[in-house]
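Working notes, structure below.
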Amino acid sequence: MDEPETALSPKSQIELLKVIRDMGLAGHAQFIIATHSPILLACPGADIYSFNDSPLKRVAYEDTDYYRIYKDFMEDRGRYLGEC
């Protein structure tokens, strides 16, 4: 799937994540997903690869740029918006 989160709200992304998780755990499917969504990246058991360097490297969920940016923004949005 190529960026399936594009047209989905965060709530819908969570519902998609549940479907992906359940299908994978049941052995019915494997997924290759290109995403910027920290919600979809949180899929239990997912192998996450960064394309920022060559060769590709596997990264932990908490080490992805998308997780870090969203987390930092939620914790201190003023820092990003120039508010005191």
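Relative to the dominant Cα principal axis of the chain, helix 65-75 is inclined by about 50°. A simple charge model with +1 on the Cβ of Lys and Arg, -1 on the Cβ of Asp and Glu and nothing else charged puts the dipole of the chain at about 160 debye relative to its Cα centre. Treating each Cα of the chain as an identical point scatterer and summing with the Debye formula, the log10 of I(q)/I(0) at q = 0.15, 0.23, 0.26 Å⁻¹ comes to -0.63, -1.19, -1.33.
A simple spin-label model places pseudo-atoms 7 Å from Cα toward Cβ; at residue 3 and residue 60 they are separated by 2.9 nm. From helices alone, the chain scores -12000 deg cm²/dmol at 222 nm; the rule is -39500 (n - 2.57) for each run of n ≥ 4 DSSP H residues, then divide by the residue total.
If you plug the beta carbon distance of residue 15 and residue 53 into 1/(1 + (r/R0)^6) with R0 = 35 Å, you get a FRET efficiency near 0.60.
Cross-link partners for residue 18 among the aspartates and glutamates, with Cα-Cα distance under 20 Å and sequence neighbours closer than 8 places in the same chain left out: 2, 3, 5, 47, 62.
We did not get these values from a lab; they are worked out from the coordinates using the rules stated. Computed from a predicted structure; not experimentally measured. Because the Cβ atoms are built from the backbone with ideal geometry, glycine has one as well, and the counts that use them run over all protein chains shown.
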